[in-house]
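For reference, the structure is listed below as structure tokens.
The values are calculated or read from the model by the stated rules, or taken from the named source; none is laboratory data. The model shown is predicted, which means the values in this text are computed figures rather than measured ones. Glycine gets a Cβ as well: all are built from the backbone with ideal geometry, and neighbour counts include every protein chain shown.
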């Protein structure tokens with residue numbers, strides 16, 4: 001008996017919120033990516049860096065139904081974006097910079113604290129453009145930045161083993177902050193953020209997401 005050949009799916013899933021058992025029940029952004037990449041069905045496929053995947057899942061879940069359906073065209077762009085050791089921080093900074101000027105006060109303070117932690121990680125590295133983004137974002141929220149610097153000073157140094165968890169928290173807080181902000185274009189802002197991160201992380205980008213290589 002010849003082996004059964006598995007062909008392409010008879011249909012493509014519809015983007016919807018959350019995790020799905022199989023494509024017939026829908027797909028989130030990253031589950032769809034796993035399907036296109038030929039991987040095992042998963043919302044955490046190996047074809048994309050975890051921080052980029054985290055952002056994509058959050059944008060998927062927080063977008064309106066109409067805007068979510070329009071994210072499909074971006075899915076192929078995240079396949080193969082594997083990043084490196086600096087990607088966590090770069091994605092977190094991009095997300096926080098988009099959210100911090102419009103987020104509620106509580107989230108704004110949390111994001112300012114997260115940006116200050118990213119500032120610490122970026123100081124003395126080759127990631128000067130990302131560091132400039134941090135400084136620009138913090139300058140837009142002076143009161144929250146003052147509070148955050150006092151808070152960071154009180155809690156002490158960041159545990160290096162906590163960087164990935166920190167960045168994950170920044171990404172999620174940022175996207176929810178944008179989605180729930182009192183702005184008429186939250187969907188546009190979330191899509192713009194995802195596009196910016198994809199562009200940042202393309203292997204051929206002029207300023208790729210390089211490692212946090214220390215200068216000197």
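Check whether at least one residue in the range 133-141 is outside any helix (DSSP H, G or I) and on the phi < 0 side of the Ramachandran plot, and report yes or no. Explain how you work it out, then say what you get.
Taking the range 133-141 first, the residues outside any helix (DSSP H, G or I) are 140-141.
So of that shortlist, the ones also on the phi < 0 side of the Ramachandran plot come out as 140-141.
The answer is yes, given that some residue of the range 133-141 is outside any helix (DSSP H, G or I) and on the phi < 0 side of the Ramachandran plot.
Would you pick out the residues in the range 80-102 that are closer than 12 Å to residue 197 by Cβ, over 10 Å from the mean Cα position of the chain (by Cα) and in a helix (DSSP H, G or I)?
Within the range 80-102, 97, 98 qualify.
Scan the range 147-161 for residues that are loosely packed, with under 13 Cβ neighbours inside 10 Å and either at pLDDT 95 or above or not in a loop (DSSP other than H, G, I, E, B) (or both) and jot them down. Steps first, answer last, please.
Of the residues in the range 147-161, the ones loosely packed, with under 13 Cβ neighbours inside 10 Å are 150, 153-157, 159-161.
Selection gives 150, 153, 154, 155, 160, 161.
Residues checked against (1) buried (at least 22 other Cβ atoms within 10 Å of the Cβ); (2) at pLDDT 95 or above; (3) closer than 17 Å to residue 20 by Cα:
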site	(1), (2), (3)
44	no, yes, yes
53	yes, yes, yes
61	no, yes, yes
67	no, yes, no
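If you scan the range 43-79, which residues turn out to be in contact (Cβ under 8 Å) with a residue 60 or more places away in the chain, farther than 20 Å from residue 96 by Cβ and assigned to a loop (DSSP other than H, G, I, E, B)?
64, 70, 71
Kindly indicate whether residue 181 is at pLDDT 95 or above, part of a loop (DSSP other than H, G, I, E, B) and farther than 15 Å from residue 55 by Cβ. Before the answer, list the steps.
Details: at pLDDT 95 or above: yes; part of a loop (DSSP other than H, G, I, E, B): yes; farther than 15 Å from residue 55 by Cβ: yes.
So residue 181 passes the test.
Can you tell me which of 120, 85 is surrounded by fewer than 16 Cβ atoms within 10 Å (Cβ to Cβ), in contact (Cβ under 8 Å) with a residue 60 or more places away in the chain and over 18 Å from residue 177 (Cβ atoms)? I'd like the intermediate steps shown before the answer.
Details: 120 fails: in contact (Cβ under 8 Å) with a residue 60 or more places away in the chain.
Step by step, each of 120, 85 is checked, and only 85 is surrounded by fewer than 16 Cβ atoms within 10 Å (Cβ to Cβ), in contact (Cβ under 8 Å) with a residue 60 or more places away in the chain and over 18 Å from residue 177 (Cβ atoms).
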